[in-house]
Amino acid sequence: MLSRITGTEPPVVDQAFVGSCVSLGRHAATIQLARKDDTPVNYYVGGRLAASVKEAICKGTLWGIRREARKPGSTFVIKGGKRPSQPTVEVVAES
């Protein structure tokens, strides 16, 4: 936003997302963890624990956005890893 206000080119954002959260109602969720290059790892958290963690992540995200608005540049961002040029296609064969 500051770049738009000042009329300058915004910096490139290189942010990693280390997981995905899926809500399954008020009391259940699934969290799939991922590497810095966005490829999934063979680990997930589910159920009520995942719902609690997801809620904490959502609240923390809002807190971070508010903090960044008050003090630009204060947010810690995990840098992304090298990403493949094309997505990997996974073939699963039935046996």
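See the values below:
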{"quantity": "Filtered residues of the stretch 11-28 (kept if more than 17 Å from F76 (Cα to Cα) and either open to solvent by less than 70 Å² (accessible area, probe 1.4 Å) or part of a strand (DSSP E or B) (or both))", "calculated": "S20, C21, V22, S23, G25, A28"}
{"quantity": "Residues of the stretch 29-59 satisfying the condition of being among the charged types (D, E, K, R) and either assigned to a strand (DSSP E or B) or at pLDDT 85 or above (or both)", "calculated": "R48, K54, E55, K59"}
{"quantity": "Candidate set: the stretch 1-10, residues that are part of a loop (DSSP other than H, G, I, E, B) and open to solvent by less than 100 Å² (accessible area, probe 1.4 Å); chosen: the one nearest to K79 (Cα to Cα)", "calculated": "P10"}
{"quantity": "Positions within the stretch 29-56 being surrounded by 13 or more Cβ atoms within 10 Å (Cβ to Cβ), among the β-branched types (V, I, T) and either touching a residue at least 24 places away in the same chain (Cβ under 8 Å) or in contact with a Cys (Cβ under 9 Å, 6 or more places away or on another chain) (or both), in sequence order", "calculated": "T30, I31, V53"}
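Residue-by-condition table, conditions (1) touching a helix residue (DSSP H, G or I) at 6+ places or on another chain (Cβ under 8 Å); (2) over 30 Å from R70 (Cα atoms):
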| position | (1), (2) |
| --- | --- |
| T6 | no, no |
| V12 | no, no |
| R26 | yes, yes |
| R35 | no, yes |
| V45 | yes, yes |
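The values are calculated or read from the model by the stated rules, or taken from the named source; none is laboratory data. A quick note: this is a predicted structure, and the numbers were derived from the prediction, not measured. All Cβ positions, even for glycine, are placed from backbone atoms using ideal geometry, and neighbour counts span all protein chains on display. Accessible surface is based on the protein model in full, side chains and every heavy atom, while ligands, DNA and RNA are left aside. Shrake-Rupley method; radii C 1.70, N 1.55, O 1.52, S 1.80 Å.
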